[in-house]
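Colleague: To start, I am sharing the structure in question, which I have written as C-alpha cells.
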Ligand code: AMP
C-alpha cells in the first residue's frame, strides 16, 4: 500500500492536490474536513456538535475524528492505499493512525507537507470563501484562529514524522500543475 499524509495549513492546497494524486496513484482520499461537512449537512448529532467548533475555527475532539477515520480505513483496506488530508492534526491523532495502520500490517510511507506563508493563506481562504460557501472561509478572524490552531497543535507533527524519516517539505507556491509535479517527483523517488 501507498499511504500518504498530505499536510499543510488551511488553504495550502491539500484538497486540490489530493484530487490529482488519487487520480494518478488510485488511492482512497480521506479528508476529515469533508467527512465532518457531510455530517453537518445531514444534521446528524455529531454534525451539530462539530459545527459549533468548526464555525469558531477550533479542532473537533480527537476521539471523534479518530473513530471516523478508523471506519473508513477498515472499509478500504483492500485498496492501493490512502491519502490522509487534514488528518492527523494532533499528536494523539498521529499516534492513533500509526497504531491503526500497524494493526493492518501497513503504515505511513511519507508526509508531504505543503508550505505556504500566513498572509498568502488568508488571501487564498477569503477568496475560496466567495465560491465555496464554507462559513469558516468567510471570516478573517475564524481563518486566523484556524491558522493559530494549526501552528500550535498541528505543525509540531512535522517533528513527529521527521523522527520517523518521513517528512518531505514542498513549497506550496506556484501553479497547481507545478506543485503536483513536485509531489509526484517525491512520491516516485
Ligand atoms: P478542513 O476542511 O480540513 O480545513 O477542516 C475544517 C474544520 O473541520 C477544521 O477547522 C476543524 O474544525 C475540523 N477538522 C477537520 N479535520 C480535523 C481533524 N483531523 N481534527 C480536528 N478537527 C478537524
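The values are calculated or read from the model by the stated rules, or taken from the named source; none is laboratory data. In this text the structure is predicted, and so the values were computed from the model without any measurement. Cβ sites come from the backbone with ideal geometry, for glycine too, and all protein chains shown count toward neighbours.
Colleague: Please indicate, with yes or no, whether at least one residue in segment 67-75 is surrounded by fewer than 21 Cβ atoms within 10 Å (Cβ to Cβ), within 15 Å of the ligand (Cβ to nearest atom) and in a strand (DSSP E or B).
Modeller: No, the conditions are met nowhere in segment 67-75.
Colleague: Quickly run through segment 159-186 and pick out the residues that are out of contact with any helix residue (DSSP H, G or I) (no Cβ under 7 Å at 6 or more places or on another chain) and buried (at least 16 other Cβ atoms within 10 Å of the Cβ).
Modeller: Matches in segment 159-186: 161, 166, 182.
Colleague: Still on this structure: Tell me, yes or no, whether segment 2-11 has at least one residue that is over 14 Å from the mean Cα position of the chain (by Cα) and over 22 Å from residue 129 (Cβ atoms). Full working, then the answer.
Modeller: First, pick out the residues of segment 2-11 that are over 14 Å from the mean Cα position of the chain (by Cα): 2.
From what's left, over 22 Å from residue 129 (Cβ atoms): 2.
Among the residues of segment 2-11, at least one is over 14 Å from the mean Cα position of the chain (by Cα) and over 22 Å from residue 129 (Cβ atoms), which makes the answer yes.
Colleague: Oh, and also: Output the helices (runs of 4 or more DSSP H) that fall wholly within segment 100-189 and possess 1 or more residues being farther than 27 Å from residue 27 by Cβ and without any contact (Cβ under 8 Å) to a residue 40 or more places away in the chain, or say none.
Modeller: 118-132, 140-149
Colleague: Within the set of pairs 6 or more residues apart or between chains, which connect a residue that is assigned to a helix (DSSP H, G or I) inside segment 79-95 to a residue that is away from the ligand (no atom under 13 Å from the Cβ) and modelled with pLDDT of 95 or more with Cβ atoms less than 8 Å apart?
Modeller: Listed pairs, sorted by first residue: 91/156; 91/160; 94/160; 94/161.
Colleague: Is it fair to say residue 28 is without any contact (Cβ under 8 Å) to a residue 60 or more places away in the chain, in contact with a strand residue (DSSP E or B) (Cβ under 6 Å, 6 or more places away or on another chain) and more than 9 Å from the ligand (Cβ to nearest atom)? Show your work before the answer.
Modeller: Values: without any contact (Cβ under 8 Å) to a residue 60 or more places away in the chain: yes; in contact with a strand residue (DSSP E or B) (Cβ under 6 Å, 6 or more places away or on another chain): yes; more than 9 Å from the ligand (Cβ to nearest atom): yes.
Taking the combined requirement at face value, the residue satisfies it.
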